[in-house]
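Comments concern the structure below.
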């Protein structure tokens, strides 16, 4: 998330902390408060499938090519997002109100597709794609807007590969009371560029790594155990 959020910030513009970063990719779906460079507070994340993973799996159910995100977005363009009443998992009884779950939505799409003999095509395909996309975007945008208001942030950083989704960008900007920033489309999946932006921030802050730097493939940005959460929204 550190790499992605640094890449989402507009170049040459100083942002006031705290910020809210929403990382939405094939491997992550997280809301994190950014109190400063290198200072993070985990608010919530997915309890099962990441949003990008759900796009890929549903894309496969619909017979669309991989990756599912852009394929579903393209198919949904001429579809009716209200054609199917797919579920929204708000998780009101979760340890954190900012957790996500997309497995139930994926199952709902599967059961709908199984009602038809052949893979969906034409208008049916467009409606299924649009309705699925609307469900995912509704939850993501709503929780981001709620967290932004609750913690009085100055802006939302939308990052990760799914941040390329135009409906997610537009809906989040419409619902949030603060500016929403995201990378240009051609950088949304360019991890090298975002690593460079993140490294530049560390370098200009005077941080250096020695040759003894080790590889930590399971390194986490912050502790994500709910018991350690210290959620203190504004009153």
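The values are calculated or read from the model by the stated rules, or taken from the named source; none is laboratory data. Remember, predicted model here, so these are calculated numbers, not experimental data. No Cβ is skipped: glycine too gets one built from the backbone with ideal geometry, and neighbour counts run over all protein chains shown.
Per the conditions (1) surrounded by fewer than 17 Cβ atoms within 10 Å (Cβ to Cβ); (2) at pLDDT 95 or above, the sole criterion not satisfied by residue 184 is (2).
Output the residue which, of all residues in the stretch 43-66 that are within 26 Å of residue 98 (Cβ to Cβ) and in contact (Cβ under 8 Å) with a residue 60 or more places away in the chain, is farthest from the chain's Cα centre (by Cα). Selected residue: 58. Residue count for the stretch 1-35 satisfying the condition of being out of contact with any helix residue (DSSP H, G or I) (no Cβ under 9 Å at 6 or more places or on another chain) and either modelled with pLDDT under 90 or within 24 Å of residue 67 (Cβ to Cβ) (or both): 7. Close Cβ contacts (under 6 Å, 6 or more residues apart or on different chains) running from residues in the stretch 120-139 that are more than 10 Å from residue 76 (Cα to Cα) to residues that are assigned to a helix (DSSP H, G or I) comprise 120/128; 135/105; 136/51; 137/167; 137/168; 137/171.
Quick check: is even one residue across the stretch 42-51 part of a strand (DSSP E or B) and farther than 22 Å from residue 137 by Cβ? The answer is yes; a qualifying residue exists. In the set 176, 193, which member is at pLDDT 95 or above and surrounded by 14 or more Cβ atoms within 10 Å (Cβ to Cβ)? Of the residues listed, the single one that is at pLDDT 95 or above and surrounded by 14 or more Cβ atoms within 10 Å (Cβ to Cβ) is 176. Considering (1) surrounded by fewer than 18 Cβ atoms within 10 Å (Cβ to Cβ); (2) within 23 Å of residue 183 (Cα to Cα), the lone condition that residue 114 does not fulfil carries the number (2).
Pick out the one residue from 105, 91 that is on the phi > 0 side of the Ramachandran plot and surrounded by 15 or more Cβ atoms within 10 Å (Cβ to Cβ). After ruling out the rest, the residue left standing is 91. Considering only residues in the stretch 91-116 that are assigned to a helix (DSSP H, G or I) and without any contact (Cβ under 8 Å) to a residue 12 or more places away in the chain, the one that is nearest to residue 56 (Cα to Cα) turns out to be 107.
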